[in-house]
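Structure first, commentary second.
The values are calculated or read from the model by the stated rules, or taken from the named source; none is laboratory data. As the structure is a computational prediction, the values presented were derived from the model and not from experiment. Every residue, glycine among them, receives a Cβ derived from its backbone with ideal geometry; neighbour counts consider all protein chains shown. The protein model used for the area step is the full one, side chains on, heavy atoms only, and it has no ligands, DNA or RNA in it. Shrake-Rupley method; radii C 1.70, N 1.55, O 1.52, S 1.80 Å.
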Amino acid sequence: MVFLISFDIDGTMEFGDPAGGVTVEMVRRAKELGFIVGSCSDRFPSWQKKVWDSHGIAVDFWVPKHMLLDVKTRLQAERYVHIGDRDIDRQLAEQVGFHFWWDHEAVAEPWLAWLTDQR
């Protein structure tokens, strides 16, 4: 099974402005477990890629926040989730059929439960 996680950056990731609680290690762990990971942010895509590269994570996508539907169309997965810190993150995710987790919920890495759901 393939799962996809989209991370907002500002207010969600530890390197965002403001900083959030989701760490680079959490994203790295998800990637190592086979999740498709990337970011949908208000930041320019070129900036998103550069910041992920600077942390040594080869993300699978980096797009403007309003492009979540494009991500879902291009990358096939069993489950999709977007993690963010604002109501607009939740609204955009739900409009295109993504699950949504608030940034403070994501610090517990709830996506790991998806792996045990499949056993």
What number goes with the only condition from (1) out of contact with any Phe, Trp or Tyr (no Cβ under 8 Å at 6 or more places or on another chain); (2) closer than 19 Å to Glu105 by Cβ that Met13 does not pass?
(1)
Working only within region 1-18, note down all residues that are open to solvent by 70 Å² or more (accessible area, probe 1.4 Å) and either under 13 Å from the mean Cα position of the chain (by Cα) or at pLDDT 95 or above (or both).
Glu14, Asp17, Pro18
Report whether or not Trp52 is open to solvent by 30 Å² or more (accessible area, probe 1.4 Å) and farther than 17 Å from Trp102 by Cβ.
no
Filtering region 80-119 down to residues that are aliphatic (A, V, I, L, M) and more than 20 Å from Ser41 (Cβ to Cβ), which residue is most open to solvent (accessible area, probe 1.4 Å)?
Ala108
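Residue check: is Val51 in contact (Cβ under 8 Å) with a residue 12 or more places away in the chain and out of contact with any Leu (no Cβ under 9 Å at 6 or more places or on another chain)?
Values: in contact (Cβ under 8 Å) with a residue 12 or more places away in the chain: yes; out of contact with any Leu (no Cβ under 9 Å at 6 or more places or on another chain): yes.
In short, yes.
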Output the residues belonging to region 55-67 that are under 23 Å from Trp102 (Cβ atoms) and either at pLDDT 95 or above or surrounded by fewer than 20 Cβ atoms within 10 Å (Cβ to Cβ) (or both).
His55, Ile57, Val59, Asp60, Phe61, Trp62, Val63, Pro64, His66, Met67
Out of (1) in a loop (DSSP other than H, G, I, E, B); (2) more than 11 Å from Leu4 (Cα to Cα), what's the single condition that is false for Ala93?
(1)
What residue, among those in region 96-119 that are in contact with an Asp or Glu (Cβ under 9 Å, 6 or more places away or on another chain) and part of a helix (DSSP H, G or I), is modelled with the lowest pLDDT?
Trp114
Provide a single number: the residues in region 15-25 that are outside any loop (DSSP other than H, G, I, E, B) and either of a type in the set (Gly, Ala, Ser) or in contact with a helix residue (DSSP H, G or I) (Cβ under 8 Å, 6 or more places away or on another chain) (or both).
1
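Considering only residues that are out of contact with any strand residue (DSSP E or B) (no Cβ under 7 Å at 6 or more places or on another chain) and not in a helix (DSSP H, G or I), which ones fall in region 27-40? Outline the logic, then answer.
Going through region 27-40, the residues out of contact with any strand residue (DSSP E or B) (no Cβ under 7 Å at 6 or more places or on another chain) turn out to be 28-29, 32-34.
Residues satisfying the conditions are Leu33, Gly34.
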